[in-house]
Amino acid sequence: MKAVLSSQRPCYTSEYNTWEETCMSKNTGRFLWEVKQQTSFSNIKTVKVSIRYCPGIFSKLVGVLTLNNFDIFNAISYRQDDKTSHIFNVRAIPGQVLDDKGFVRAENQLEAVLSGKLDLSLLVHTKMPVPRIFNSGELLQTPHEVIVRNEIDLTFSTIEVHTYDFPGVLFRISDALFRSGFYVWTAKISTKGNRVYDVFYVKDFKDQQIKSPEQVAAVKTAIKKALSI
């Protein structure tokens, strides 16, 4: 799966702004960033990041990797108290090779994002707009599908997103979840042809599942909007 966004920024809940400020105050650019190649012959690398918890940290990590043209095909996040660990398996986008300088840029950009010096969402939307053909409706014979479930896990809600694969799609979804008031614990990413089938295990900022019909409707709308602007 690849990474991309649009110059028009969506509007989200006012609660998002409070959590964004909390994230910046908790993280002052101090984190552990490690990149390892799986095998000497592999075109796959693993990025591991340990950092203090704040809502939205998952989407920020996805964003800086996205900006540097890394294809994220697996992602897991863990949280214990105020500490979090994140593991991303990445590869080069088709037609390119893995660039170690890109990992250095991504690490530096993460520090800038956490210190409030870089507007990640605006940068990704500007650099990577949704392909026009998607907005024209020519490919959307099968529309974006968002399914929210609470019966799969007793602790988390699961959000399944079925849509077309294009650069930035994972960032768009995870950023929409964050701005809607949810944090991602685990993401299971699958691509089949030109379609993605992603599953996110999430809670709201109060550690609760998505239960009210209003919450379900709002998060579905936010994700679909993020995938189309």
Rank Val130, Val97 by accessible area, highest first, at a 1.4 Å probe radius?
Val97, Val130
Whenever you get a sec, line up Arg79, Arg30, Arg179 from highest to lowest accessible area (probe 1.4 Å, protein heavy atoms).
Arg30, Arg79, Arg179
When the convex hull of its Cα atoms is projected in every direction, mean area for the range 45-99 (nm²):
3.6
Roughly how many Å² is the accessible area per residue of the range 36-98, as a whole number, for a 1.4 Å probe?
44
Classified through the alpha carbon gyration tensor (a ≥ b ≥ c as square roots of its eigenvalues; rounded if a/c is under 1.5, else prolate when a/b is larger than b/c, else oblate), the range 36-178 comes out rounded
Given a 1.4 Å probe and the protein chains all in place, what does the accessible area of Tyr78 round to, in Å² to the nearest 10?
110
Mind ranking Asp204, Asp153, Asp119 by accessible surface for me, highest first, 1.4 Å probe?
Asp119, Asp153, Asp204
Gap in Å between the Cα centre of the range 156-188 and the Cα centre of the range 29-81?
15
For the range 47-163, the accessible surface attributable to carbon and sulfur atoms (probe 1.4 angstrom, ligands and nucleic acids excluded) amounts in percent to 51
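The values are calculated or read from the model by the stated rules, or taken from the named source; none is laboratory data. Note that the coordinates shown come from a computational prediction; the quantities given were computed from them, not determined experimentally. Calculation scope for accessible area: heavy atoms of the full protein, side chains included, ligands and nucleic acids excluded. Shrake-Rupley method; radii C 1.70, N 1.55, O 1.52, S 1.80 Å.
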